[in-house]
Amino acid sequence: MKLIITDIEDFHLKVEGEYKLIGPKGSIHPCTGCFGCWVKTPGKCVICDGYENMGRDMGRCSELILVSRCCYGSVSPFVKNVLDRAISYVHPDFVIRKGEMHHRRRYQNVISLSAYFYGEKITEKERKTAEKMTQANADNYDGVVKSVRFFNSSEELEEVTL
């Protein structure tokens, strides 16, 4: 399954295959750093606001697709908040991967990560930062980067099939 996380409220992109869409519906509370999703309710956030199963959803996907406005070389605040709430995708224990310490994966799936950034006048420096951020997220999830693409507007994305 593809898990699509987007800040686009009126999402009209074409998607091939099975997918789940996580968009800005209602209010999302920020992660409080309580670690409840690791120790109290493993794999599930203790904040019940409709976004509590993000870690489990990531554990069921083969491809994670981020569709976001580019904000200083990163994802939008909404998409970042959703990713923060998905910290339960990883386990609190640590492992060494590629010479770096990372959290161990909780689930068996290997995520292929794609990021589609949109925004007017995205600078070259922001593009490079976004590419590095996407790679860092893939490393943290013990996954791989499939694609990082940039568009001038969210309307341009409507020509893309995910």
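The values are calculated or read from the model by the stated rules, or taken from the named source; none is laboratory data. Everything quoted here is computed from the prediction, not taken from an experiment. Cβ: placed from backbone, ideal geometry, glycine included. Neighbour counts: every protein chain shown. Note: accessible area is taken over every heavy atom of the protein model, side chains too, but ligands, DNA and RNA are not part of it. Shrake-Rupley method; radii C 1.70, N 1.55, O 1.52, S 1.80 Å.
Might you check whether a residue that is free of Cβ contacts under 8 Å to residues at least 60 places away in the same chain, closer than 22 Å to ASP10 by Cα, part of a loop (DSSP other than H, G, I, E, B) and open to solvent by 40 Å² or more (accessible area, probe 1.4 Å) occurs anywhere in the stretch 136-147?
Let us first name the residues in the stretch 136-147 that are free of Cβ contacts under 8 Å to residues at least 60 places away in the same chain, namely 136-140, 142, 144-145, 147.
Restricting the remaining residues to those that are closer than 22 Å to ASP10 by Cα gives none.
No, the stretch 136-147 contains no residue that is free of Cβ contacts under 8 Å to residues at least 60 places away in the same chain, closer than 22 Å to ASP10 by Cα, part of a loop (DSSP other than H, G, I, E, B) and open to solvent by 40 Å² or more (accessible area, probe 1.4 Å).
Only one residue in PRO24, PRO30 is surrounded by 14 or more Cβ atoms within 10 Å (Cβ to Cβ) and in a loop (DSSP other than H, G, I, E, B). Which one?
After applying the criteria, what remains is PRO24.
In the list VAL110, VAL90, which residue meets the criterion of being surrounded by fewer than 19 Cβ atoms within 10 Å (Cβ to Cβ) and touching an Asp or Glu at 6+ places or on another chain (Cβ under 9 Å)?
Result: VAL110 is the single residue among VAL110, VAL90 that is surrounded by fewer than 19 Cβ atoms within 10 Å (Cβ to Cβ) and touching an Asp or Glu at 6+ places or on another chain (Cβ under 9 Å).
Output the residue which, of all residues in the stretch 1-35 that are touching a strand residue (DSSP E or B) at 6+ places or on another chain (Cβ under 9 Å) and of a type in the set (Gly, Ala, Ser), is farthest from ARG69 (Cα to Cα).
GLY17
Report the residue count in the stretch 65-98 for those that are small (Gly, Ala, Ser) and touching a Gly at 6+ places or on another chain (Cβ under 7 Å).
Residues flagged as small (Gly, Ala, Ser) and touching a Gly at 6+ places or on another chain (Cβ under 7 Å) within the stretch 65-98 amount to 2.
Can you name every residue in the stretch 70-82 that is among the polar types (S, T, N, Q) and either touching a helix residue (DSSP H, G or I) at 6+ places or on another chain (Cβ under 6 Å) or not in a loop (DSSP other than H, G, I, E, B) (or both)?
Correct list: SER74, ASN81.
Which one of these does CYS34 not meet: (1) without any contact (Cβ under 8 Å) to a residue 24 or more places away in the chain; (2) within 19 Å of LYS146 (Cβ to Cβ)?
(2)
Across the stretch 83-133, what is the total count of residues that are within 26 Å of ASN53 (Cβ to Cβ), of a type in the set (Ser, Thr, Tyr) and not in a strand (DSSP E or B)?
Step one: of the stretch 83-133, the residues within 26 Å of ASN53 (Cβ to Cβ) are 83-95, 97, 102-117, 133.
In the following step, the residues that additionally are of a type in the set (Ser, Thr, Tyr) were identified as 88-89, 107, 112, 114, 116.
Narrowing further to those that are not in a strand (DSSP E or B): 88-89, 107.
Of the residues in the stretch 83-133, 3 are within 26 Å of ASN53 (Cβ to Cβ), of a type in the set (Ser, Thr, Tyr) and not in a strand (DSSP E or B).
Among the residues of the stretch 33-64, count how many are of a type in the set (A, V, I, L, M, F, W, C), open to solvent by less than 60 Å² (accessible area, probe 1.4 Å) and more than 21 Å from HIS103 (Cα to Cα).
Number of matching residues: 1.
Among the residues of the stretch 107-119, is there at least one that is touching a strand residue (DSSP E or B) at 6+ places or on another chain (Cβ under 6 Å), at pLDDT below 95, aliphatic (A, V, I, L, M) and within 18 Å of ILE4 (Cα to Cα)?
No.
For the stretch 5-21, enumerate the residues that are in contact (Cβ under 8 Å) with a residue 40 or more places away in the chain and either over 14 Å from CYS61 (Cβ atoms) or surrounded by 16 or more Cβ atoms within 10 Å (Cβ to Cβ) (or both).
Answer for the stretch 5-21, where residues must be in contact (Cβ under 8 Å) with a residue 40 or more places away in the chain and either over 14 Å from CYS61 (Cβ atoms) or surrounded by 16 or more Cβ atoms within 10 Å (Cβ to Cβ) (or both): ILE5, THR6, ASP7, ILE8, PHE11, HIS12, LEU13, LYS14, GLU16.
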